[in-house]
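The values are calculated or read from the model by the stated rules, or taken from the named source; none is laboratory data. Because the structure is a prediction, the values reported are computed rather than measured. Note that each Cβ is placed from the backbone with ideal geometry, even for glycine, and that neighbours are counted across all protein chains shown. These accessible areas exclude ligands, DNA and RNA; they are computed on the full protein's heavy atoms, side chains included. Shrake-Rupley method; radii C 1.70, N 1.55, O 1.52, S 1.80 Å.
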Amino acid sequence: MIGVVFGIHPEYDLRLAALFYDSATGTFPLKSDALASFARNAAMWVAWGFAVPAIVALAVKMFRPDRPLMMSGRAVVFLLITMLLSAGILTNLTFKTYWARPRPVMVTEFSGPWKFMPWWDPRGECGRNCSFFSGEGATAFWTLAPAVLTPPAWRPLAYAGAIAFGAVTSVLRMAFGGHFFTDVATAGLVAFLVIWLVHGYIYRWPSTRKSDAGIDAALTRFAWPGYRLRQRWRGRDVGPAPAPEKPV
């Protein structure tokens with residue numbers, strides 16, 4: 001619905017961006033505010049903080065595949081794949097690279113040099129690191145992924161917190177003149193769809209559902225050759241990777 005409305009009336013994007021623009025100075029004033037800049041950086045620290053346990057668990061497993069994962073194997077894979085896709089590949093490596101929509105600070109309506117483009121039109125003048133869609137917005141809304149893994153009793157509160165966190169971070173990006181509303185709205189939608197699909201693949205759908213033990217065993221087999229080589233340098237051979245246990 002947002003895509004249709006803002007596709008028919010792209011000027012709505014400009015009107016929302018204008019709420020944060022000071023025509024007297026020709027700037028987005030909050031962009032120069034030290035506290036707002038700290039809040040922007042802190043939001044990314046918080047989001048990546050949720051991914052750190054999975055990153056550490058995977059790194060330790062790669063170094064010591066003879067030991068079990070420090071946390072749920074499914075959680076490790078789920079958190080890292082969704083973060084990689086929503087906040088990395090689908091934003092910075094795909095859309096922001098090839099969808100040449102200028103940011104609000106870059107368009108003539110806000111003292112920039114380039115023509116405004118609606119969200120659906122990639123034919124802008126931006127050469128790199130462009131506006132559509134928001135990488136920081138996708139990273140903030142990615143916190144829905146750890147929210148999915150909370151106990152059922154806490155899950156509604158975790159969902160509400162993740163959505164509020166994503167919304168506040170997205171409004172801050174708009175206030176800096178870094179993104180239009182459709183950029184951050186698309187970021188939230190993409191993050192949600194990635195999380196829903198990957199969660200279904202790993203946890204819900206019977207034909208693809210994974211187990212913690214199966215993922216742990218697969219990571220063991222993947223990391224074992226390097227581990228065995230390191231052990232040989234130390235004068236001991238640990239042999240081939242252990243066979244996965246058969247389900248009882």
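Right, Ala145: under 23 Å from Ser37 (Cα atoms), part of a helix (DSSP H, G or I) and among the aliphatic types (A, V, I, L, M) or not? Explain how you work it out, then say what you get.
Values: under 23 Å from Ser37 (Cα atoms): no; part of a helix (DSSP H, G or I): yes; among the aliphatic types (A, V, I, L, M): yes.
So Ala145 fails the test.
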* Structure fact -> Residues of region 96-116 being open to solvent by 10 Å² or more (accessible area, probe 1.4 Å) and either touching a residue at least 60 places away in the same chain (Cβ under 8 Å) or more than 30 Å from Ser23 (Cβ to Cβ) (or both), in sequence order, are Thr97, Tyr98, Arg103, Val105, Glu109, Phe110, Ser111, Phe116
* Asked: Within the set of pairs 6 or more residues apart or between chains, which connect a residue that is hydroxyl-bearing (Ser, Thr, Tyr) inside region 156-185 to a residue that is assigned to a loop (DSSP other than H, G, I, E, B) with Cβ atoms less than 6 Å apart?
  -> Thr182/Trp119
* Pick out the one residue from Glu125, Glu136 that is of a type in the set (Asp, Glu) and buried (at least 17 other Cβ atoms within 10 Å of the Cβ). => Glu136
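Kindly establish whether Ala167 is under 17 Å from Asp13 (Cα atoms), assigned to a helix (DSSP H, G or I), open to solvent by 40 Å² or more (accessible area, probe 1.4 Å) and at pLDDT 95 or above. Write out each step before concluding.
Details: under 17 Å from Asp13 (Cα atoms): yes; assigned to a helix (DSSP H, G or I): yes; open to solvent by 40 Å² or more (accessible area, probe 1.4 Å): yes; at pLDDT 95 or above: yes.
Judged against the criteria, Ala167 is a match.
One line per residue, one yes/no per condition, for (1) touching a helix residue (DSSP H, G or I) at 6+ places or on another chain (Cβ under 9 Å); (2) more than 24 Å from Ile8 (Cα to Cα); (3) part of a loop (DSSP other than H, G, I, E, B):
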position: Lys96; (1), (2), (3): yes, no, no
position: Cys130; (1), (2), (3): yes, no, yes
position: Ala153; (1), (2), (3): no, yes, yes
position: Ala162; (1), (2), (3): yes, yes, no
position: His199; (1), (2), (3): yes, yes, no
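Please go through region 220-248 and pick out each residue that is open to solvent by less than 30 Å² (accessible area, probe 1.4 Å) and either under 29 Å from Leu149 (Cβ atoms) or at pLDDT 95 or above (or both).
From region 220-248, those open to solvent by less than 30 Å² (accessible area, probe 1.4 Å) are 220, 223-224, 227, 231, 239; that's our starting set.
If the condition is that a residue be open to solvent by less than 30 Å² (accessible area, probe 1.4 Å) and either under 29 Å from Leu149 (Cβ atoms) or at pLDDT 95 or above (or both), then Thr220, Ala223, Trp224, Tyr227 are the ones that fit.
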* Among the residues of region 23-41 satisfying the criterion of being free of Cβ contacts under 8 Å to residues at least 40 places away in the same chain and surrounded by 12 or more Cβ atoms within 10 Å (Cβ to Cβ), which is nearest to Ala138 (Cα to Cα)? -> Ser37
* Mind listing whichever residues of region 52-65 are of a type outside the set (A, V, I, L, M) and either under 15 Å from Ala218 (Cβ atoms) or open to solvent by less than 20 Å² (accessible area, probe 1.4 Å) (or both)? => Lys61, Pro65
* Asked: On the given criteria, is Arg123 basic (Lys, Arg), under 23 Å from Ala87 (Cβ atoms) and either touching a helix residue (DSSP H, G or I) at 6+ places or on another chain (Cβ under 6 Å) or in a loop (DSSP other than H, G, I, E, B) (or both)?
  -> no
* To do: Give the residues of region 23-62 that are basic (Lys, Arg) and under 30 Å from Ile215 (Cβ atoms), sorted by residue number.
  => Lys61
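Right, Met117: closer than 24 Å to Leu157 by Cβ and among the aliphatic types (A, V, I, L, M) or not? First the steps, then the outcome.
On the way: closer than 24 Å to Leu157 by Cβ: no; among the aliphatic types (A, V, I, L, M): yes.
Here the answer is no, as Met117 does not meet what is asked.
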